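I have placed the structure first, in the form of structure tokens, so that the comments after it can refer back to it.
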Amino acid sequence: IWTNEEKEKLVQLASNASGRIDWEQLQQQFPDKTRNQLSTMHYQLTKATKSRKNMKWDELESYKLVCYVMLFGKKWKFIKMQYFPEHDENQLRMAFRKKMVYVNKMEDICQKVQNGMEIEFEDVVTRRATDLLMV
């Protein structure tokens, strides 16, 4: 069983290696792990990040991300290790920023509705809502 601290330490130490990773030397930092365990875990952690680079966030992931940022602040490293190990910190930042742009636009639209402006919600759904904000 790997702790989040061990995973973070493994990725950090392995990334410090210039060229090929010396698993025997790295094992000295993890006396209770075999070289095979180290290389397998490193592969799983880095492969997961690489394979998710271009994938879109689903709605549930987006909501979870916003919730965790509201709970813990913009502690990207912590949120990544605890909840999104398959994403890198920059992916978290960008996904959060994108979600908040959407939330802010929707707040603006709701404010306009509250102030009496008529909105065609079909336009909102079809992503023409941005045009409504220019009014």
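Got a sec? Which of ARG20, ARG93, ARG97 is without any contact (Cβ under 8 Å) to a residue 12 or more places away in the chain and under 13 Å from the mean Cα position of the chain (by Cα)? Checking each option against the conditions leaves just ARG97. Can you find, within the range 71-93, the residue that is nearest to ASN4 (Cα to Cα) among those that are at pLDDT 90 or above, aliphatic (A, V, I, L, M) and surrounded by 15 or more Cβ atoms within 10 Å (Cβ to Cβ)? Applying the filter and picking the extreme gives ILE79.
The values are calculated or read from the model by the stated rules, or taken from the named source; none is laboratory data. No experiment lies behind these values; they were computed from the predicted model shown. Quick reminder, even Gly has a Cβ in these numbers, built from the backbone with ideal geometry, and neighbours come from all protein chains shown.
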